[in-house]
Amino acid sequence: MNLKEKINSFPKTPGIYLMKDKNNNIIYVGKSKKLQDRIKSYFANSKNHSRKIQRMVKGIHDIEIIKTDTELDALLLECEYIKKIKPMYNTLMKNHENYSYIKIDTNKDYPYLEVAKEIDDNSIYFGPYTKLSNLEKIKEILNENYKLRRCKKMNKCINYDLNKCIGPCRDKISKDEYDKIIKLVISDLKGESYNILSILKDNMNKEIESLNFEKASKIKDDMDKIKSLINKQKVINSSIDKNIKIALNEVSEDTYKIYIIYRGKIIKSEIVKKDVIDKIDKEKYIKENVDEKNYINDDINECVDKYDLDFMNIIYNYIK
């Protein structure tokens with residue numbers, strides 16, 4: 001069977017496809033609601049494709065498919081394969097290794113902000129986020145406006161003299177007062193308050209009144225960076241909600257797939273007949289299918305492992 005005949009035999013159902021080169025290496029992983037239609041589209045109207053896609057198509061010698069029950073299953077399986085195989089033509093899927101966190105070690109006296117690649121202790125972590133350069137910039141925005149300690153050693157550095165630090169190393173602020181500021185920073189990063197945005201807005205308006213439009217524009221850019229981070233944190237917060245959720249996805253005219261979701265992960269799924277759906281009691285169904293003692297933990301770390309974030313985003317956005 002040649003490649004064209006093989007493609008014509010593919011089903012028009014959800015799943016993922018693995019495109020392979022002449023050496024049987026997987027060069028691209030994709031997903032589709034209708035496998036056959038999507039795969040055929042690569043070989044039709046090739047002039048309308050980007051050069052990258054045209055090069056990829058020329059190198060395709062075989063295609064393997066894996067059928068799934070739903071498009072959501074296909075999205076998650078695609079993500080899993082891309083992370084595991086890292087095909088050369090998959091550039092859209094974020095690589096979890098590029099994620100970083102903002103870290104605050106509240107066990108230290110006068111904590112300072114750090115950007116960390118991994119969760120490696122009991123500090124408070126926010127994220128994970130992409131774009132390390134943006135995180136460093138956001139750290140600087142928070143340091144600049146709250147005048148937090150920046151040095152790792154309390155050695156009376158020049159930052160206090162330059163009015164860049166409130167001077168805990170010089171006993172210019174009590175630990176209690178400093179801790180209040182850290183709590184404000186934590187609240188900002190959680191998306192629970194907008195204190196930093198209020199500070200920036202006031203500073204921007206002062207620069208506008210003084211006709212310093214260039215400085216005002218820079219502060220506006222800083223506000224946009226903070227807003228973007230807060231919005232990303234809200235998605236993460238929604239993904240790690242401690243309530244167990246149930247989602248339904250239509251599979252066929254007479255069946256649904258039920259997903260039980262906890263903290264942004266699918267912990268159980270099954271296909272049921274549509275006429276059974278209306279008879280299901282949500283709380284009873286959860287008790288029968290989930291051992292809540294294994295999942296509900298009020299002390300659980302609220303941060304997300306960066307490997308899991310893409311999967312959580314897929315589930316969150318699909319259900320939303």
Estimated FRET transfer efficiency (V290, I319; beta-carbon r; R0 30 Å; 0.05): 0.95
For mean projected area of the Cα convex hull in nm², calculated from these coordinates, the label among [x] 17.0; [y] 23.6; [z] 17.9: [y]
Exposure ranking of M88, M312 by accessible area [1.4 Å probe, largest first]: M88, M312
Mean-position separation - Cα centroids, the range 197-244 and the range 1-80, in angstrom: 41 Å
Solvent-accessible surface ranking, highest first, for K245, K284 at 1.4 angstrom: K284, K245
Net charge dipole size for the chain [Lys, Arg +1 and Asp, Glu -1 on Cβ; Debye, nearest 20]: 1280 debye
From phi via Karplus (6.51, -1.76, 1.60), per-residue ³J(HN,Hα) for the range 254-263 in Hz, x at Gly/Pro: 10, 9, 10, 10, 9, 10, 9, 10, 9, 6
Listed residue (L142, L197, S217) projecting farthest to the positive dipole end of the range 133-245, Cβ model: L142
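Between D308 and I277, what length in nm is gained on full extension when 0.36 nm per residue of separation is reduced by their alpha carbon distance?
Extending this stretch completely gives an extra 8.2 nm.
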20 °C / 1.002 mPa s Stokes-Einstein diffusion coefficient of the range 1-73, Kirkwood radius on C-alpha pairs, µm²/s: 171 µm²/s
Distance between modelled label sites at Y89 and K22, nm, 7 Å Cα→Cβ extension: 1.6 nm
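The values are calculated or read from the model by the stated rules, or taken from the named source; none is laboratory data. Here the structure is a predicted model, which means the values were calculated and not measured. Quick reminder, even Gly has a Cβ in these numbers, built from the backbone with ideal geometry, and neighbours come from all protein chains shown. Accessible surface is based on the protein model in full, side chains and every heavy atom, while ligands, DNA and RNA are left aside. Shrake-Rupley method; radii C 1.70, N 1.55, O 1.52, S 1.80 Å.
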